[in-house]
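Okay, so here's the structure we're looking at.
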Amino acid sequence: MNRTEKQQVVDELSSAFAANAGVLVMTFSGLNVENVTELRRKITQSGSSYRVVKNTLAIRAAENTPVSKLTAQLEGPTAIAYTSGDPVALAKILTDFVKAHPEIKFKGGVLEQSVLTAEQCQALAEMPSREVLLGKVLFLLNAPLTRLAGALISPLTKFAIALKQLEEKKTIALSED
């Protein structure tokens, strides 16, 4: 790579690091081309990106971005996966791939300005997806309203039942006379 190509890579990575909510760093040694191609395809389908870069270029690109906190992990063979979408989906793809290919491992990551350890990256994959979490939030927001509606209707229902029973008693009393 000449100086211009290196600067272009640094610029691309720097803008990606600044714009993306989730960045995961991992080792990639021991993978063959077929495995890497499979991983790239899965990551691309999720709307995320995957790059293998030289550590010196990644460190320069990380300056003035949240990823600068990960420079200690940028040693040895390094692959970087990043997403502006759902970081949980990316972590699930990578965790599933790590299970099938134990020669690669998480080094760390950054999620919304917070540094993640390798264990936290794997724990991120165990979280429910964004859609499931939104569904739970909507359920929790809806539950008090449902209880309130039930509480307001309950006295009216009891009153209507009492009126019905009173009417039945009157019709029985009138029919006995």
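All of the numbers you see were taken from the coordinates with simple rules; none came from a lab. All figures in this text were calculated on a predicted structure; none of them were measured in a lab. Cβ coordinates were reconstructed from backbone atoms using ideal geometry, including for glycine residues, and neighbour counts include every protein chain displayed.
Quick one: angle between helix 87-100 and the longest Cα principal axis of the chain, in degrees between 0 and 90, rounded to 10, please.
Approximately 60 degrees, to the nearest 10.
For labels at Lys136 and Ala162 in the simple 7 Å Cα→Cβ model, what's the distance in nm?
4.2
When Lys and Arg each count +1 and Asp and Glu each count -1, what net charge do the other residues less than 14 Å away from Arg40, Cβ to Cβ, add up to?
Net charge around Arg40: +1.
Strictly greater than 16 Å: what percent of every Cα pair in the range 1-50 meets that?
Result: 57 percent of Cα pairs exceed 16 Å.
Among residues other than Ala81 whose Cβ falls under 15 Å from its Cβ, what is the net charge (Lys/Arg +1, Asp/Glu -1)?
Net charge around Ala81: +3.
Compute the normalised compactness of the range 3-127: alpha-carbon radius of gyration over 2.2 N^0.38 Å, N being the residue count.
0.96
So how do Ile161, Ile80, Ile104 line up by other beta-carbon neighbours within 10 Å, fewest first?
Fewest-to-most ranking of Ile161, Ile80, Ile104: Ile161, Ile104, Ile80.
For the cross-link pairs Lys92/Lys136; Lys54/Lys105; Lys6/Lys42; Lys42/Lys107; Lys42/Lys99; Lys42/Lys69, which exceed 25 Å when the distance is taken from alpha carbon to alpha carbon?
Pairs exceeding the cut-off: Lys6/Lys42; Lys42/Lys69.
Starting with the fewest neighbours, write out Lys92, Lys107 ranked by other beta-carbon atoms found within 10 Å of each beta-carbon.
Going from sparsest to densest Cβ surroundings: Lys92, Lys107.
Tell me, what ³J(HN,Hα) does each residue in the range 113-122 have, in order and in whole Hz, if you take phi through Karplus 6.51 cos²θ - 1.76 cosθ + 1.60 with θ = phi - 60° and put x for Gly and Pro?
6, 9, 7, 10, 7, 4, 5, 5, 4, 5
Net charge near Ala162, counting Lys/Arg +1 and Asp/Glu -1 over other residues with Cβ under 14 Å of its Cβ?
Once all neighbours under 14 Å are counted, the net charge is +2.
Taking neighbour Cβ counts within 10 Å as the exposure measure, how do Glu12, Glu63 sort from fewest upward?
Final ranking by Cβ density, sparse to dense: Glu63, Glu12.
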